[in-house]
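Chemist: To start, I am sharing the structure in question, which I have written as structure tokens.
Throughout, read-outs are computed from the coordinates displayed, never taken from laboratory work. On a predicted model such as this, the values are computed, not experimentally measured, just so you know. Backbone-built Cβ (ideal geometry, glycine too); neighbour counts: all protein chains shown.
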Amino acid sequence: MLKSRVILAMDKPLSYQVLKEMENELYGIKVGLPLVLDLGVDKTRELLIGLDVEEIIVDFKLADIGYIMKSIVERLSFANSFIAHSFIGVKGSLDELKRYLDANSKNLYLVAVMSHEGWSTLFADYIKNVIREISPKGIVVGGTKLDHITQYRRDFEKMTIVSPGMGSQGGSYGDAVCAGADYEIIGRSIYNAGNPLTALRTINKIIEDKVMKC
Ligand code: C5P
């Protein structure tokens, strides 16, 4: 049984002590750009390096030429995984990043569907073709768009699906997993809570209960 379906979106620092208390009840931690801009790379690494979670995913939503994306990820070697946009295309960009990550035993996640209202689905076929060609470990599909999760699950049976947008952005905990996601990415509802550990435990329980019924 999975210890948790939750990936903590850390866009704001939490103390090492709080993170240590939460490590056994999280699947992973997603490191946001605001956190790294606040702490700097060295302090971010120090904060995360001793934590026992399955995955540390850096989410800078990379969208550049291959050379620049490789220069960014090589400076963040404390992470196991990196999120990039898929709309940037394959040749000279995502193909080079994927080769680099494969060679260094790191994972790639591609953004398939953003969680905000204004995200356009006009490019859905193109994005799916890029995902097929690159074959990343996983994709990011907004948890506020449950029908898209179900559709992506059908199209990409074996890929890991991670879904942000739960809690603060309106998604209900557990709904993304019931729609076909593997993990729910949750930030503000945990790190802004008076007691982040209690908030995480409550969310884990809600997800567990919902998943038993779906
Ligand atoms: O605080 P909240 O739970 O809304 O955090 C959601 C996290 O997921 C943020 O780090 C945000 O950058 C990220 N994200 C998102 N929608 C996407 C992809 C990533 O909200 N489609």
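Chemist: Through the Karplus equation 6.51 cos²θ - 1.76 cosθ + 1.60, θ set to phi - 60°, convert the phi angles of the stretch 108-120 into ³J(HN,Hα) values in whole Hz; use x for Gly and Pro.
Modeler: Once rounded to whole Hz, the list reads 10, 10, 10, 6, 9, 9, 6, 8, 7, 4, x, 5, 8.
Chemist: Also, quick follow-up: Among Met159, Met212, rank each residue by its count of other Cβ atoms within 10 Å, from fewest to most, as a rough exposure measure.
Modeler: Lowest to highest Cβ neighbour count: Met212, Met159.
Chemist: Sorted by packing (mean other beta-carbon atoms within 10 Å per residue), highest first, where do 21-27, 63-69, 79-85 land?
Modeler: Highest to lowest by the protection proxy: 79-85, 21-27, 63-69.
Chemist: For each of Asp11, Asp38, count neighbouring Cβ atoms within 10 Å of the residue's Cβ, then give the residues from fewest to most.
Modeler: Going from sparsest to densest Cβ surroundings: Asp38, Asp11.
Chemist: Run a plain Debye calculation on the stretch 104-208 (Cα atoms as equal point scatterers, no solvent) and give log10 I(q)/I(0) at q = 0.13, 0.17, 0.22 Å⁻¹, rounded to two decimals, same order as the q list.
Modeler: -0.48, -0.77, -1.13
Chemist: Shifting gears a bit: Scattering from the C-alpha atoms of the stretch 1-105 alone, worked out with Debye: what is log10 I(q)/I(0) at q = 0.15, 0.16 1/Å?
Modeler: -0.64, -0.72
Chemist: For the chain, with a Gaussian network of springs between Cα atoms less than 10 Å apart, report the residue from Ile149, Ile186, Ile127 with the top mean-square fluctuation.
Modeler: Ile127
Chemist: Where is the GNM fluctuation largest for the chain (alpha-carbon springs, 10 angstrom cutoff): Ser120, Ser189, Ser172?
Modeler: Among Ser120, Ser189, Ser172, the largest GNM mean-square fluctuation belongs to Ser120.
Chemist: 5 Å is the cut-off here: which amide hydrogens, built 1.01 Å from N in the peptide plane, fall below it relative to Tyr173, excluding neighbours closer than 5 in sequence?
Modeler: Under 5 Å from the amide H of Tyr173 lie the amide H atoms of Gly167, each far enough along the sequence or on another chain.
Chemist: Sticking with this structure for a sec: Could you tell me how far the Cα centroid of the stretch 26-73 sits from the Cα centroid of the stretch 90-111, in Å?
Modeler: A separation of 15 Å, based on Cα centres.
Chemist: Among Lys145, Lys61, Lys91, determine the one that fluctuates most according to a GNM of the chain built with springs between C-alpha atoms less than 10 Å apart.
Modeler: Lys91
Chemist: Right, here's the next one. Quick one: work out Rg over Rh on the C-alpha atoms of the chain, Rh as Kirkwood radius.
Modeler: In the chain, Rg relative to Rh is 0.95.
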